[in-house]
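> Questions regarding the structure given below will be posed in turn.
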Amino acid sequence: MKNLLTGLVFFGLAAAPFATMAQSNTDQSKFKQLQQELPTPNTYRSASGAPGHQYWQQRADYNIKVELNDEKQSITGSETITYTNNSPDVLTYLWLQLDQNIYEPNSMANSTRTGELNQQMPLRAVEYMTREDFDGGFKIKSVKDKNGKPLKFTINNTMMRVDLPANLNPKQSFTFSIDWNHNINNQLTLGGRSGYEFFPGDGNYLYEMAQWFPRMAVYDDVNGWQHKQFLGSGEFALPFGDYKVSITVPADHIVGATGELQNASQVLTSTQQKRWAQAAKSDKPIVIVTQEEATKAEKNKAKGTKTWVYAAKNVRDFAWASSRKFIWDAMNVNVAGKNVLAMSYYPKEGNPLWGQYSTEAVAHTLEVYSKHTIDYPYPVAISVHGPVGGMEYPMISFNGYRPEPDGTYSDRTKYGLISVIIHEVGHNFFPMIINSDERQWTWMDEGLNTFMQYLAEQVWERNYPSRRGEPKNIVDYMKSAKNTQVPIMTNSESVLQFGNNAYGKPATALNVLRETVMGRELFDYAFKEYARRWAFKHPMPADFFRTMEDASGVDLDWFWRGWFYTTDHTDISIEGVKWYTIDSQNPEFVSAQKRAEQNKAPKTLSEQRNLTDIKKTRVELRPELNDFYNSYDELAVTAADQQRYQGFLKGLTPEQKKTLDSGLNFYEVGFKNLGGLVMPLIVKMTFEDGTEEVVNVPAEVWRYNNEEITKVFVTEKPVVNFELDPYLQTADTELSNNYFPRKLAPSRFEIFQQQQRNQSNPMQRQTTSQNNNAGR
Ligand SMILES: [Zn+2]
């Protein structure tokens, strides 16, 4: 096409004003490969993003005994850890995490908390500031080797170093034990990822226990020991291992935990065991402990204790929950031919919502995530309801959202519950199995998991109100002040606007990759490959970036650079459009066209007034003043014009003649990158006859000039308007400049009177009005 048109003349029909584009801009920085930014590949981590042929990781196996004191809300525990050094390095000390120490009054988390005071302060915030009252933190009673000989240990805030009596050489193991106790935080006043809730109505406690034992830190090929202090936001870096945990609790408590129950016959009644066996074969939730039974236990408060024994293989942590208030249900989920038990533990305060949705949401999560990542490898998956709003551990998660005491609930509560369960159960995949370093990179688990959560929500129900994932939902964050944003590639403890930065933006970025940049097929294959490669291993950001490219054959360096290493946003505008058709050079046609244009030219105000004001001009009054030029028609076609045209035609090939007569329209569209992110151009053209065409131009269109470009579109039918990103795929922050010609977009102002906003619980409104009617 391009060659064919050489020598033909374009005829500009309409030219919109836009500045001549600077063609000399050779800044290609946005498409520069990520060379300095990514670590050099090595034998542990390969350039393809896969684990290298000498990849290694440490292992920590635990045997723990713990007793819950329901009177004092504390635990006493002892653990034996067998640590195996698979690294090529000789170790002289080990580091453990003491996360409970965040509750010590002088902890770094407490002393570095910034804050402000206002005239009006929520009670909870004041309680937060006076939390020194709580005697929190690990009380380490002893650290001993396997012969009972004390080991030297040093506590540095939330980390503890244990000095080894002898070098721990590669391939060697070291077994040691720790005795400790600690008070349990009241989650409702002190916050935290675990803790207890007291129910004043029946005088019972519900415990969600996590970070409750000294845990091995990760030693790896990237950081050495990952012992960055726990300040509350950066979560955990933990090695895999097998756990055996004996949990002693009041005799009428029900305990849910990471792993499989080893002594059901000792802790469950025969009826409960029967129901449990039934649930293991059911594709619908079966209640193992009913609400009636739980309510009875709340009143009786049995004396004595029971010990629940759990075992878990190849997990990176262990959490549990305990209460006599627990209702317990379960169902079987078939994951690629393997049976998994989906279960929920919740107090009666969670019903009716929890009985209806929790276990179904657990099962749904396992099914959808397994399809996109790896088959869920563990035997159980659990959702527990208690004070913690949402927190994940291997096989078990703690989730909030509770209906009103009258059993009604808002749609926010309903979808909030389903979403948080999908999210926290989804964390089994990221980071419990694909075990990224949460202390360093929040986005690697939260971002990937929030993206998967979005996919799972959309399969739960049509038009599910997903909060994150759709590009349009991240627009407000993307255009927020740059000094309130940091790049996604920022350490977990320094992230600003945590939810948007570490959850929303990376989740959206992945959705944009899947729908717009790579397409579903290439993306899904590469994403699954990342999960497969790094399951039960420790991936780093570069491993993810490299795998996504390596498995798809798509150069994504520009995308990672823009979305993960900068705070740029998408704002592309259509600056102008020049419309050309081919000048046929047929003098009859050209002349007619010029005459039409002359007739269309607007009359000036003076011309309009003079037309009526001036009755006769001098020349009209005196015809003798007319000469040749008064009757000369400059647009009249002459014989010479015709001759020239015939000569031109004779020089053309048949193909060239066809092009000349094609009537094609040529549009030179000018685009400006105002937001900084280079993104694909999704251009919708609406034609004169009302039909439409959408063209997707890859982001590489910006590679010679990151700021402004022109692109030519050739169409048979004349275009009446151009629209950029019509299906909201790119999180473009300013839509008003996406149209040519510009479109008036009506904004609506809300007119309201000073009055209370509508209650957001229509279910309660309806029930109340029904009750009122019934009473009359
Ligand atoms: Zn999360």
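> Using a simple spin-label model with points 7 Å from Cα along the Cα→Cβ vector, what separation in nm is obtained for K144 and R644?
10.9 nm
> GluC sites (Glu not before Pro), restricted to the stretch 51-160: which are DSSP loop and have at most 11 other Cβ atoms within 10 Å?
When the GluC sites (Glu not before Pro) of the stretch 51-160 are filtered for loop state and at most 11 Cβ neighbours within 10 Å, E71, E116 remain.
> Among M444, F498, A277, whose Cα lies farthest out toward the positive end of the dipole of the chain, if unit charges sit on the beta carbon of Lys, Arg (+1) and Asp, Glu (-1)?
The one lying farthest along the dipole's positive direction is A277.
> Restricting to Cα atoms and excluding each atom paired with itself, what does the Kirkwood estimate give for the chain in Å?
In the chain this quantity evaluates to 31.1 Å.
> Per DSSP helix of 4 or more residues, -39500 (n - 2.57); summed, then divided by the residues of the chain. What does that give at 222 nm, rounded to the nearest 500? It would help to have the intermediate numbers written out before the result.
Values: 20 runs with 202 residues, N = 776.
Computed mean residue ellipticity for the chain: -7500 deg cm²/dmol.
> Now for a separate question. Using 21 Å as the Cα-Cα cut-off, could you pick out the over-long pairs in K244/K303; K30/K505; K301/K414?
K244/K303; K301/K414
> What number comes out for accessible area per residue over the stretch 128-214 if the probe is 1.4 Å? Units Å², please. The partial results should precede the final answer.
Values: 3840 Å² over 87 residues.
Accessible area per residue: 44 Å².
> Just report the Cα centroid separation between the stretch 675-704 and the stretch 275-301, whole Å.
57 Å
> Around G49, under 9 Å between beta carbons, what's the net of Lys plus Arg minus Asp minus Glu among the other residues?
Around G49, the charge tally is -1.
> Return a whole-number percent for the relative contact order of the stretch 636-732, with Cα pairs under 8 Å and 6 or more residues apart as the contact set.
That works out to 33 percent.
> For the stretch 334-352 and the stretch 183-201, what is the centre-to-centre distance using only Cα atoms, to the nearest Å?
Taking the Cα centre of each part, the stretch 334-352 and the stretch 183-201 sit 24 Å apart.
> Sticking with this one: Quick one: net charge of Q646's neighbours, Cβ under 14 Å, K/R +1, D/E -1?
Charge balance near Q646 sits at +1.
> Follow-up question, since we're still on this one. When the accessible area of the stretch 32-159 is computed with all protein chains present and a 1.4 Å probe, what percentage of it is carbon and sulfur?
49 percent
> Please report, as a whole percent, how much of the solvent-accessible surface of the stretch 180-333 comes from carbon and sulfur atoms (probe radius 1.4 Å).
Here it works out to 50 percent.
> When the dipole is taken about the Cα centre of the stretch 178-299, and only Lys, Arg (+1) and Asp, Glu (-1) are charged at their Cβ, what size is it in debye, to the nearest 20?
Numbers: 10 positive and 14 negative charges, 49 e Å.
So the magnitude is around 240 debye.
> Quick one: P(r) of the stretch 191-234 from all Cα-Cα pairs, 10 Å bins, percents rounded to integers, in order of increasing distance.
All Cα pairs considered, the percentages come to 20, 36, 23, 14, 6, 1.
> May I have the extent of the alpha carbons of the stretch 522-592 along their three principal axes, as whole Å values ordered from largest to smallest?
77, 27, 14
> Which angle from 0 to 90°, rounded to the nearest 10, does the C-alpha axis of helix 520-534 make with the longest principal axis of the chain?
30 degrees
> Provide Rg over Rh for the stretch 205-338; use the alpha carbon set for both Rg and the Kirkwood Rh (inverse mean inverse pair distance). Intermediate results must be reported in sequence, preceding the final value.
Numbers: Rg = 17.8 Å, Rh = 17.1 Å.
That ratio equals 1.04.
> When the Cα centres of the stretch 210-242 and the stretch 599-660 are compared, how far apart do they sit, in Å?
So the two Cα centres are separated by 85 Å.
> What does the charge count around I247 come to, taking other residues whose C-beta lies under 12 Å from its C-beta (Lys +1, Arg +1, Asp -1, Glu -1)?
+2
> Under a Cβ-only charge scheme (Lys and Arg +1, Asp and Glu -1), can you give me the dipole magnitude of the chain about the Cα centre, in debye to the nearest 20?
The calculation lands at about 1120 debye.
> Where only protein heavy atoms count, and the probe is 1.4 Å, what is the accessible area per residue for the stretch 370-492 in Å²?
Accessible area per residue: 31 Å².
> Give me the dipole magnitude in Debye, nearest 20, for the stretch 248-361 about the Cα centre, with unit charges on the beta carbon: positive for Lys and Arg, negative for Asp and Glu. Show your work: numbers first, answer last.
Values: 15 positive and 10 negative charges, 58 e Å.
The calculation lands at about 280 debye.
> Given N435, G148, Y645, which one lies farthest toward the positive end of the charge dipole of the chain, if we put +1 on the Cβ of every Lys and Arg and -1 on the Cβ of every Asp and Glu?
Towards the positive end, the residue furthest out is G148.
> On to the next question. Quick one: Debye curve from the alpha-carbon atoms of the stretch 551-684 only, equal weights, vacuum; give me log10 I(q)/I(0) at q = 0.13, 0.14, 0.18, 0.21 Å⁻¹ to two decimals.
Cα-only, vacuum Debye calculation for the stretch 551-684: -0.89, -0.94, -1.13, -1.29.
> Express the accessible area of the stretch 631-708 per residue in Å², computed with a 1.4 Å probe while the remaining protein chains stay in the model. Working shown, then result.
Values: 4120 Å² over 78 residues.
Value for the stretch 631-708: 53 Å² per residue.
> Kindly sort E438, E575, E634 by accessible area of their heavy atoms, largest first, with the probe set to 1.4 Å.
E634, E575, E438
> Determine the relative contact order of the stretch 196-309: mean sequence separation of Cα pairs under 8 Å and six or more apart, normalised by residue count, in whole percent.
Result for the stretch 196-309 is 30 percent.
> Note down the relative contact order for the stretch 304-402 as a percent, whole number, built from C-alpha pairs under 8 angstrom at least six residues apart.
It comes to 26 percent, rounded to a whole number.
> Further question: Run the reach check for K658 against lysines, Cα to Cα strictly under 25 Å, same-chain hits fewer than 8 apart removed. What comes back?
Leaving aside lysines fewer than 8 places away in the same chain, those within reach of K658 are K2, K578, K594, K650, K711, K717.
> In Å³ and rounded to a whole number, note down the convex hull volume per residue for the Cα atoms of the stretch 299-398.
Hull volume normalised by residue count: 120 Å³.
> Taking all protein chains as present, what is the carbon and sulfur share of the accessible area of the stretch 441-526, in % to the nearest whole number, probe 1.4 Å?
After summing per-atom areas, the C and S share lands at 47 percent.
The values are calculated or read from the model by the stated rules, or taken from the named source; none is laboratory data. Model, not experiment: these values are computed from the prediction. Note that we place each Cβ from the backbone using ideal geometry, even for glycine, and neighbour counts take in every protein chain shown. For accessibility, only protein heavy atoms count, side chains too; no ligands or nucleic acids. Shrake-Rupley method; radii C 1.70, N 1.55, O 1.52, S 1.80 Å.
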